[in-house]
Amino acid sequence: MSKYLVIVESPTKVKTISKFLNSDYEVEACGGHLRDLPKSQIGVDIENGFEPEYKIITGKTKIVSRIKKSAKGKDILFLACDPDREGEAIAWHIAHIIKKGPIIKRVVFNELSKDTVLDGFNHSSEININRVNAQQARRILDRIVGYQLSPLLWKKVGRGLSAGRVQSAALNILVVREREINAFIKEEYWQLTADLSKKENQNRTFNAKLEKINNEKAEIKDEKTAVELTARLKTTDFIVESVTKKIQKRNPKPPFITSSLQQAAFNTLRYTASKTMIIAQKLYEGISLDEEGSTGLITYMRTDSVAISNVAQTQARDYISKTFGEEFLPEKFRIYKSKKSAQEAHESIRPTSVWRTPRSIEKHLSKEQFLLYKLIWERFVAACMKEAQVALTSVVIKADNCSFKATGLKIIFEGHMKVFKDNEQNEESKLLPDIEKGETLNLIELIPSQHFTQPPARYTDASLIKALEEEGIGRPSTYAPTIRTLIIRHYVERQKRSLTPTELGILVNDLLMDNFPDVLDKKFTAKMEEELDKVERGDLGWRELLSKFYTPFAKDLDVAKVKMRDVKKEVIKTDEVCEKCGLPMVIKWSRHGKFLSCSGFPKCKNAKSLDSGVACPEEGCDGRLVQRRSKRGRMFYGCTNYPKCTHISNKLPDE
């Protein structure tokens, strides 16, 4: 009979960790949280020091019984949950469930490799109660906000809506940007590009752009000015005023943290933040590699630290030396500094073994797993390599009272760029011919081009995560769930790659910002994260944090219950008549947005989607398109003649 019981979160981890341990160890999975606040009520006794009421989660009773049974007769219970606040809280809850029996120890490892796992067991410790308290404070804080703001939205707008400290702050960022876009007025401007060559070699051309007129920044507002300037410059000489050459170092980027991985995966692979984390979780927990069995391929993927262990650096240097050559190694280990707000709980995201190159294990991975692993592997290897060196050439060319500028680039030493040789990230040389000061160039063509100033871009997964990180809103584990929640609640829609707030999202944002400006303010939300970090360090009590928050929040809540705009009572009359009872139809709000309802509700419950005003594009159909929602919550447009006409589309024909 085994002496020790090991509890991990995922069944996949059971396979990976079991192969590192002998028969004295029995490994089981808990499947995440076993206890939580009840769903049906707030579950927090605010008047009694914010005392939480934890209950076994519905559906987890059998797992709890199994773990209790397995723990009987064991000498030690090792809690090997994930190495973050969430994992610490899960371990703490399990410890409360197993009140009597084995000695309880906490085991932490940032990667699922044999040496790291065994080292974790050799250095087991007690549960970090400060980290638990920080997670408990966050959970209770978010429960208070969610369970007291959400019912207010149900009463004033419609059931099923939700509000949250991080969620609503993120929504506000999206709404503010949308309003900037709507208020933007585009302005016309023109650019001039000169296609030039040396006098003796007109076959090798290069481009130079107009930068200055009379030593001031060139500003051409209309076509007439552009055409007149083009005609005048065609009769003048283009003479090289200066040639500047310099050598520039290009340092590698640090290895990935959660936010930068999500951004890179979105920009490079088109993966949403949620998809990236699901794939990364599988790579972390273990992939079957034939004779190696289930093997963890990357370190823990929820981190804000860019640190690299000495062991990993040493392994990387060995690989770089043997693969690329000694000249690609920096003189000493590269040290990357994390942001001040980083918890530094563990390392950056990197491969558990640099020798497992993407190509060497490609056959064991799905296409999506391979591409994400390749992204992580390349970024890590490059981060341990020598900087690249490039020669930059900048040429200023005078033509009458105008200055044109051409730039050239030559890679002298590839350095870390060598890793991306077959990758879009690798920069290519852009060479200029040998040009000397005072030289007169040959003008091949002078091209005026019309442009318009562009409004600020809508946020994508990548840019929103970057904004949240810069503002200090949320933590690595919250970025993907926050975006997912905004979409599930229909506050935000994906339009191509952009996140666009819906009419409902804008309404909810405005109601919350008008009544709870402090709670949803970006600075307040960021400060709360700092306060939670203090709890984790033991510098602030979790009950004290909650008390400081709740006193002003409760006052705002009482005022909002009376003063918040009651959207439910607001109806817009229409000329449409209810086909069931003959009363006028009116426009109302629900958790899905606006809809048509019979004014005789609740006696007549007739309701339907709003007409988009666009005719169905199917030939011979006289129906119109209305916005509908699938069972999974996805928006689409369907014909009013359904089921006779089954036309569906993701967007209106004229969009």
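The values are calculated or read from the model by the stated rules, or taken from the named source; none is laboratory data. Since we're looking at a predicted model, the values are computed, not measured. No Cβ is skipped: glycine too gets one built from the backbone with ideal geometry, and neighbour counts run over all protein chains shown.
Out of Lys253, Lys249, Lys224, Lys245, which single residue is in a loop (DSSP other than H, G, I, E, B) and surrounded by fewer than 18 Cβ atoms within 10 Å (Cβ to Cβ)? First the steps, then the outcome.
Values: Lys249 fails: in a loop (DSSP other than H, G, I, E, B); Lys224 fails: in a loop (DSSP other than H, G, I, E, B); Lys245 fails: in a loop (DSSP other than H, G, I, E, B).
Result of the check over Lys253, Lys249, Lys224, Lys245: Lys253.
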| query | Hey, does the stretch 594-609 have a residue that's buried (at least 16 other Cβ atoms within 10 Å of the Cβ), within 16 Å of Leu652 (Cα to Cα) and among the hydroxyl-bearing types (Ser, Thr, Tyr)? | reply | yes
| request: Please give the number of the condition Leu468 fails out of (1) in contact with a Gly (Cβ under 8 Å, 6 or more places away or on another chain); (2) assigned to a strand (DSSP E or B). | output: (2)
| request: Provide a single number: the residues in the stretch 175-234 that are in contact with a Gly (Cβ under 9 Å, 6 or more places away or on another chain) and either at pLDDT below 95 or more than 30 Å from Ala467 (Cα to Cα) (or both). | output: 1
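So that you can scan it fast, the table gives a plain yes or no per residue for (1) touching a His at 6+ places or on another chain (Cβ under 6 Å); (2) of a type outside the set (Phe, Trp, Tyr); (3) buried (at least 17 other Cβ atoms within 10 Å of the Cβ); (4) closer than 27 Å to Ala307 by Cβ:
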| site | (1), (2), (3), (4) |
| --- | --- |
| Ser360 | no, yes, no, yes |
| Lys363 | no, yes, no, no |
| Leu375 | no, yes, yes, yes |
| Gln389 | no, yes, no, yes |
| Ile397 | no, yes, yes, no |
| Ile435 | no, yes, yes, no |
| Leu441 | no, yes, yes, no |
| Ala457 | no, yes, no, no |
| query | Exactly one of (1) more than 30 Å from Thr482 (Cβ to Cβ); (2) in contact with a Pro (Cβ under 6 Å, 6 or more places away or on another chain); (3) exposed (fewer than 14 other Cβ atoms within 10 Å of the Cβ) is unmet by Glu180. Its number? | reply | (1)
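Find the residue count for the stretch 538-551, including only residues that are surrounded by fewer than 13 Cβ atoms within 10 Å (Cβ to Cβ), assigned to a helix (DSSP H, G or I) and not β-branched (Val, Ile, Thr). Steps first, please.
Going through the stretch 538-551, the residues surrounded by fewer than 13 Cβ atoms within 10 Å (Cβ to Cβ) turn out to be 539, 551.
Now restrict to residues that are assigned to a helix (DSSP H, G or I): 551.
Going one step further and asking which of them are not β-branched (Val, Ile, Thr), we end up with none.
Final tally of qualifying residues: 0.
Checking the condition among the charged types (D, E, K, R), in contact with a helix residue (DSSP H, G or I) (Cβ under 9 Å, 6 or more places away or on another chain) and not assigned by TED's automatic domain parsing to the domain that holds Arg85, which residue from Glu493, Glu503 passes?
Numbers: Glu503 fails: in contact with a helix residue (DSSP H, G or I) (Cβ under 9 Å, 6 or more places away or on another chain).
Among Glu493, Glu503, only Glu493 is among the charged types (D, E, K, R), in contact with a helix residue (DSSP H, G or I) (Cβ under 9 Å, 6 or more places away or on another chain) and not assigned by TED's automatic domain parsing to the domain that holds Arg85.
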| Any idea how many residues of the stretch 60-99 are more than 25 Å from Ser477 (Cα to Cα) and assigned to a strand (DSSP E or B)? | 2
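On the given criteria, is Gln263 assigned to a helix (DSSP H, G or I) and at negative phi?
Working: assigned to a helix (DSSP H, G or I): yes; at negative phi: yes.
Spelling it out, Gln263 is indeed assigned to a helix (DSSP H, G or I) and at negative phi.
Scanning the stretch 501-540 for residues that are closer than 12 Å to Ala137 by Cα and without any contact (Cβ under 8 Å) to a residue 12 or more places away in the chain, which turns out nearest to the chain's Cα centre (by Cα)?
Lys534
Looking at the stretch 481-503, is at least one residue farther than 30 Å from Tyr271 by Cβ and assigned to a helix (DSSP H, G or I)? Spell out the reasoning first.
Looking only at the stretch 481-503, we keep the residues that are farther than 30 Å from Tyr271 by Cβ, and these are none.
No: zero hits.
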| Looking at the stretch 177-200, which of its residues are part of a strand (DSSP E or B) and either out of contact with any strand residue (DSSP E or B) (no Cβ under 9 Å at 6 or more places or on another chain) or aromatic (Phe, Trp, Tyr) (or both)? | Tyr189, Trp190
